[in-house]
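The values are calculated or read from the model by the stated rules, or taken from the named source; none is laboratory data. Values in this document were obtained by computation on a predicted structure and should not be read as measured data. When we count neighbours, we look across all protein chains shown, and the Cβ atoms used for this are built from the backbone with ideal geometry, even at glycine.
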């Protein structure tokens with residue numbers, strides 16, 4: 001058989017065949033090793049890379065003199081192989097991302113129930129112990145956005161926790177306010193009724209006050225639009241006087257947790 005493409009073109013085809021083949025070998029060695037959702041991604045990727053390797057092998061064969069009928073068959077086979085390889089890779093990545101998001105970004109765990117709390121947005125100056133007791137009494141779907149999930153043990157199944165942490169593989173980085181906001185909005189649209197933000201101090205370490213304030217007011221608007229309750233929990237010394245005054249123009253200042261409960265059904 002005679003080479004019908006330039007040596008450079010042939011070398012490129014061989015190079016792609018080798019690196020895709022090695023990637024397939026690399027993925028195959030890791031099939032079913034780690035558990036879901038990573039196993040799903042690796043298994044689908046390995047199969048896609050095997051199909052792509054076969055396609056590249058046919059591309060190399062196609063670089064030599066062959067009959068028109070054979071070339072036509074090879075091109076059709078290559079198209080099918082690449083179609084499934086690309087489709088499989090896209091599906092695997094989307095499936096993996098969706099699985100990771102479900103683990104990190106919470107969704108309501110209980111059916112829709114009316115909240116015991118007064119609808120609205122509140123700035124709560126309270127100790128964690130008092131707030132913990134409040135959360136234990138709630139039955140409606142509640143989202144707790146916190147830096148320290150370990151402090152909130154013993155909560156019911158109705159409470160979903162979004163961990164704000166620089167360890168972004170296990171939670172959401174405090175610098176990514178848009179991701180935290182997206183998770184909260186999705187929670188509310190899925191039937192959530194209460195959102196508690198217990199990590200303002202952490203958000204201010206990683207962001208300017210203006211950005212955090214914009215995040216909080218946008219979250220406020222979404223909570224009000226769904227008729228829910230937003231509790232912004234602050235320590236008394238978290239903000240300076242100017243920043244504190246800005247917040248209380250948007251949030252109702254509350255000192256007594258009991259005042260947040262509905263007085264009638």
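Name the residue, out of 225, 184, that is at pLDDT 90 or above, assigned by TED's automatic domain parsing to the domain that holds residue 125 and out of contact with any helix residue (DSSP H, G or I) (no Cβ under 7 Å at 6 or more places or on another chain).
225
Give me the residue from segment 166-181 that is modelled with pLDDT under 90 and surrounded by fewer than 19 Cβ atoms within 10 Å (Cβ to Cβ) and, out of that set, nearest to residue 207 (Cα to Cα).
166
Name every residue in segment 20-39 that is closer than 13 Å to residue 92 by Cβ and out of contact with any helix residue (DSSP H, G or I) (no Cβ under 6 Å at 6 or more places or on another chain), in order of residue number.
Of the residues in segment 20-39, the ones closer than 13 Å to residue 92 by Cβ are 27, 31, 36-39.
The answer is 36, 38, 39.
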